[in-house]
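Asker: Before we start, here is the structure in question, set down as structure tokens.
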Amino acid sequence: MKIETPLYVKFIMDRLEEKGYESYIVGGCIRDILLGNIPNDFDVVTNALPEEIEEVFKDKKTIDVGKQFGTIIIHLDEASVEITTFRTEGEYVDGRRPEWVKFVSTIEEDLSRRDFTINAMAYNKDKGLIDPFGGVEAIGKKVVKCVGNPEKRFMEDYLRILRVVRFSTVLDFEIEEETFLACKKYGEKISQVSMERINQEFVKILMSGKPSIGLEVMRSIGIFQIVLPELVPTIGFDQKNPHHERDVYNHILCVVDNTPPILKLRLAALFHDVGKPHTLSVDKEGVGHFYGHDKVGAKIAKTALERLKFSKKMIEDVSILIENHMTHHGTFKDKGLKRLIRRVGEENIGDLFLLQKADRECSNKDASIESIVDMEKRIKKILSKNEAYEIKHLHINGEDLIEMGYIEGPEIGEIFEYLLGKVMENPEFNEIDKLKELALKKYPIDKKI
């Protein structure tokens with residue numbers, strides 16, 4: 001089997017081999033190539049020690065990111081390549097870091113320490129594909145299987161339990177039985193892994209083609225309640241409403257799967273109805289209602305996303321989407337739509353409509369998104385005409401008002417809000433002379449002196 005590598009990777013491997021060392025591409029890049037995908041990056045392993053790697057590439061920029069673990073990054077014009085010395089590892093003292101690392105002399109020893117068979121393959125042009133643990137067979141059978149004893153693999157690093165979920169979800173592979181049972185046995189240990197590391201794997205699950213696969217696998221192996229405890233009350237929660245055919249949890253799964261892979265949108269879809277179990281009221285006809293679940297859900301999501309170590313900006317955007325996801329039920333004049341744009345932000349308004357469409361389509365088989373599409377068209381028209389919806393869009397500023405005789409202070413802000421409201425209703429008012437006239441009529445200066 002011949003595997004083509006980019007020229008910059010070939011340069012790295014050729015340079016090492018010219019100096020008498022072995023070199024192989026290894027891991028995920030081979031898996032991706034065998035699956036017919038383009039690898040995101042290429043990792044190289046070698047029997048050269050870290051100091052020897054640095055010497056071989058002394059004419060290039062190198063970064064020591066973990067010399068004690070054998071890893072050096074080489075910066076080339078085309079890309080950066082991570083080179084690691086063949087190694088084996090001792091017991092993991094904290095479920096994350098090996099107690100010791102020992103450099104070894106063969107590629108087979110190096111591959112034996114890796115997590116899954118689909119990631120334990122190596123290749124170079126002279127020896128071809130090195131596959132001591134059946135990675136090719138696992139790809140053919142579409143299974144995720146640990147290298148060696150799965151319990152030992154998970155005890156080395158409990159994050160691998162979530163990595164099983166990620167590969168199963170992203171690749172749409174089954175989990176091999178012994179690997180699955182070991183996941184269940186050690187699933188609760190995922191709580192010992194740092195949330196930053198959990199975040200990285202969780203995001204990859206959420207951004208996959210069908211995130212519901214991963215969420216259900218997480219549930220089946222017993223880590224759902226550790227990673228996403230806020231969503232546990234939604235499981236099996238009957239909405240008692242004729243407009244919803246699914247319980248809250250399965251509705252959420254549907255919405256997540258039916259939104260594009262935009263992280264803030266997927267997170268908003270995941271948490272958009274998390275407030276429903278906390279806001280249920282049943283009317284005299286026995287119909288369930290969830291007044292205020294959007295506001296409650298936004299607060300719960302904020303707490304969850306902070307715990308999951310998402311950025312402040314991401315949490316803010318997701319909260320905005322959740323808090324406004326029910327606005328499609330309203331009837332808006334253009335002024336109301338402009339207030340919605342102002343509240344949500346132009347950068348989020350398109351994602352809000354995507355969320356609302358998925359939400360509506362996952363409600364029941366007869367649900368229509370016509371009203372959402374109409375609202376979206378009207379907002380696009382407003383934006384295309386550059387109509388004002390924020391104070392900064394007004395053709396008047398604070399200096400103009402002060403020159404007119406107004407005193408700097410809270411009243412200036414009040415005037416701006418008044419003028420913006422007028423311009424939202426009548427865009428033709430957004431001219432400086434008309435704005436001055438409106439300000440003077442509503443806030444006469446002589447009464448303020």
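Asker: Which pairs have Cβ atoms under 7 Å, sit 6 or more apart or on different chains, and link a residue in the range 9-37 that is under 14 Å from Lys125 (Cβ atoms) to one that is assigned to a helix (DSSP H, G or I) and among the charged types (D, E, K, R)?
Answerer: Ser23/Glu17
Asker: Would you kindly identify the helices (runs of 4 or more DSSP H) lying entirely within the range 287-381 that contain at least 2 residues that are among the charged types (D, E, K, R) and in contact (Cβ under 8 Å) with a residue 40 or more places away in the chain?
Answerer: Per the criteria, 334-344, 346-361.
Asker: Okay, next question. So, in the range 159-180, of the ones that are within 16 Å of the chain's Cα centre (by Cα) and more than 18 Å from Gly140 (Cβ to Cβ), which residue ends up surrounded by the most Cβ atoms within 10 Å (Cβ to Cβ)?
Answerer: Here the answer is Val165.
Asker: What's the number of the condition Leu420 fails, among (1) in contact (Cβ under 8 Å) with a residue 12 or more places away in the chain; (2) open to solvent by 60 Å² or more (accessible area, probe 1.4 Å); (3) among the aliphatic types (A, V, I, L, M)?
Answerer: (2)
Asker: Right, another one. Assuming Lys240 fulfils every condition listed in (1) at pLDDT below 95; (2) on the phi < 0 side of the Ramachandran plot; (3) open to solvent by 50 Å² or more (accessible area, probe 1.4 Å) apart from one, which condition is it?
Answerer: (2)
Asker: Moving on. Pick from Ile407, Ile412: which is surrounded by fewer than 18 Cβ atoms within 10 Å (Cβ to Cβ) and touching a Phe, Trp or Tyr at 6+ places or on another chain (Cβ under 7 Å)?
Answerer: From the options Ile407, Ile412, the qualifying one is Ile412.
Asker: Among the candidates Glu51, Glu78, single out the residue that is surrounded by fewer than 17 Cβ atoms within 10 Å (Cβ to Cβ) and modelled with pLDDT under 90.
Answerer: None of the others qualify; the one that does is Glu78.
Asker: Still on this structure, I have one more. Being farther than 13 Å from Ser105 by Cα and of a type outside the set (Asp, Glu) is the filter here, so list the residues in the range 71-90 that pass it.
Answerer: Across the range 71-90, the qualifying residues are Thr71, Ile72, Ile73, Ile74, His75, Leu76, Ala79, Ser80, Val81, Ile83, Gly90.
Asker: Among the numbered criteria (1) within 15 Å of Ile118 (Cβ to Cβ); (2) open to solvent by less than 60 Å² (accessible area, probe 1.4 Å); (3) of a type outside the set (A, V, I, L, M, F, W, C), which single criterion is violated by Arg15?
Answerer: For Arg15, the failing item is (1).
Asker: I would also like to ask the following. Condition test on Ile341, is it among the hydrophobic types (A, V, I, L, M, F, W, C) and open to solvent by 60 Å² or more (accessible area, probe 1.4 Å)?
Answerer: So Ile341 does not fit the description; no.
Asker: Let me ask another. Can you tell me which residue in the range 48-71 is nearest to Phe116 (Cα to Cα), limited to those that are in a loop (DSSP other than H, G, I, E, B) and in contact with a helix residue (DSSP H, G or I) (Cβ under 8 Å, 6 or more places away or on another chain)?
Answerer: Looking at the filtered set, the residue picked out is Gly70.
Asker: Right, here's the next one. Out of (1) open to solvent by 10 Å² or more (accessible area, probe 1.4 Å); (2) at pLDDT 95 or above; (3) outside any loop (DSSP other than H, G, I, E, B), what's the single condition that is false for Glu109?
Answerer: (2)
The values are calculated or read from the model by the stated rules, or taken from the named source; none is laboratory data. None of these values were measured; they are calculated from a predicted model. Cβ coordinates were reconstructed from backbone atoms using ideal geometry, including for glycine residues, and neighbour counts include every protein chain displayed. Areas reflect the complete protein model, heavy atoms only, side chains present, ligands, DNA and RNA absent. Shrake-Rupley method; radii C 1.70, N 1.55, O 1.52, S 1.80 Å.
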